[in-house]
Amino acid sequence: MKRTITFLLTFLLTLLLSYTVWSQDKLVKDLDGDTINDTVYVDQATSKIICQLSTQHFKKLQSKALDMQHESAGVKATRSGFEYYNNFMRAGYANQFRYDAKTKQIQLIGMSRYEFGNAANDGSGESSVNLLTNDYIGNWNYFDHTKEELVKIPTIKTKMTFGKIYLHSFNDETYFTFAEKCAALYEKHKALTAKSAH
């Protein structure tokens, strides 16, 4: 009995510690260029991205609530800033941010997404948009039911404009707007590819 209680207590403590470590993972990196480390993390209690910059006396700069956040969501360092990623079972997306010295704000500079599609990989692929240049690139596939094969749509390269987006106004809708525009391009180019193939 004593051994069982000890085991249960150890198990519960391990679970608690692993949750605490996961929920408090922080990226420590100089983002604002003053050689002093800044901090970025996802606050699991509020589902917001929190950024604390040394040049702003570590005041909490935060996104809006991210309602669609998965357990695997988090932040990681990039060359010029950081990335917020959110991965699901068969799809996911990432958002790249960096410090804008002119506005002294954290700016969204790029977005990317991927999907594995259904069991036949219909709708699988990936895309990205550079918000500084408005360049969109999409590599997508669709399943041709007549030929019963996966068809690659020629790489989609076009312009996609969003305007400036900063951390304080970023939320799920930012990504969903990108996903909707991306889906419209997918359908258009899928139709063109299917037409040229028949």
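The values are calculated or read from the model by the stated rules, or taken from the named source; none is laboratory data. Keep in mind that this is a model prediction, so the values were computed, not measured. Cβ: placed from backbone, ideal geometry, glycine included. Neighbour counts: every protein chain shown. To get the accessible areas, we keep the full protein, side chains included, count just its heavy atoms, and leave off ligands, DNA and RNA. Shrake-Rupley method; radii C 1.70, N 1.55, O 1.52, S 1.80 Å.
In terms of Cα to Cα distance under 22 Å, which lysines are near enough to residue 157, apart from those fewer than 8 places away along the same chain?
Correct list for residue 157: 181, 188, 190, 195.
Determine, from the Cβ-Cβ distance of residue 126 and residue 45 and an R0 of 30 Å, the FRET efficiency 1/(1 + (r/R0)^6), rounded to the nearest 0.05.
Computed FRET efficiency for residue 126 and residue 45 comes out at 0.40.
Hey, what's segment 49-198 come to in accessible area per residue, 1.4 Å probe, Å²?
55 Å²
Could you point to the residue in 169, 132, 194 farthest towards the positive end of segment 117-198's charge dipole, with +1 and -1 charges on the Cβ of Lys/Arg and Asp/Glu respectively?
Going by the charge dipole, the pick is 132.
Using a ≥ b ≥ c from the Cα gyration tensor of segment 69-116 (square roots of the eigenvalues), is it rounded, prolate or oblate, where a/c under 1.5 gives rounded and otherwise the larger of a/b and b/c decides, a/b for prolate?
Prolate shape, in that a/c is at least 1.5 and a/b is the bigger ratio.
Angle check, please: helix 172-197 long axis (alpha carbons) against the longest principal axis of the chain (alpha carbons), in degrees 0 to 90, nearest 10.
Its long axis makes an angle of about 20 degrees.
In nm, to one decimal, how far is the residue 89 label point from the residue 192 one, both placed 7 Å along Cα→Cβ?
According to this spin-label approximation, the distance is 3.4 nm.
Ignoring ligands, DNA and RNA, please state the percent of accessible area on the chain from carbon and sulfur, probe 1.4 Å.
Roughly 57 percent of what the probe reaches on the chain is carbon or sulfur.
Taking a ≥ b ≥ c as the square roots of the eigenvalues of the Cα gyration tensor of segment 123-162, is the shape rounded (a/c under 1.5), prolate (a/b larger than b/c) or oblate?
Judged from the Cα gyration tensor, segment 123-162 comes out prolate (a/c at least 1.5, a/b above b/c).
What full-extension length gain, to one decimal in nm, is calculated for residue 173 and residue 134 as 0.36 nm per residue of separation minus the Cα-Cα distance?
12.2 nm
Work out how much length residue 119 to residue 68 would gain on full extension: take 0.36 nm times their residue separation and subtract the Cα-Cα distance, in nm to one decimal.
So the extension gain works out to 16.0 nm.
So for each of 152-165, 33-46 I average, over its residues, the number of other beta carbons within 10 Å; can you give me the resulting order with the highest mean first?
33-46, 152-165
Starting from the 7 Å offset along Cα-to-Cβ, what nm value, one decimal, do you get for the label separation of residue 184 and residue 155?
2.4 nm
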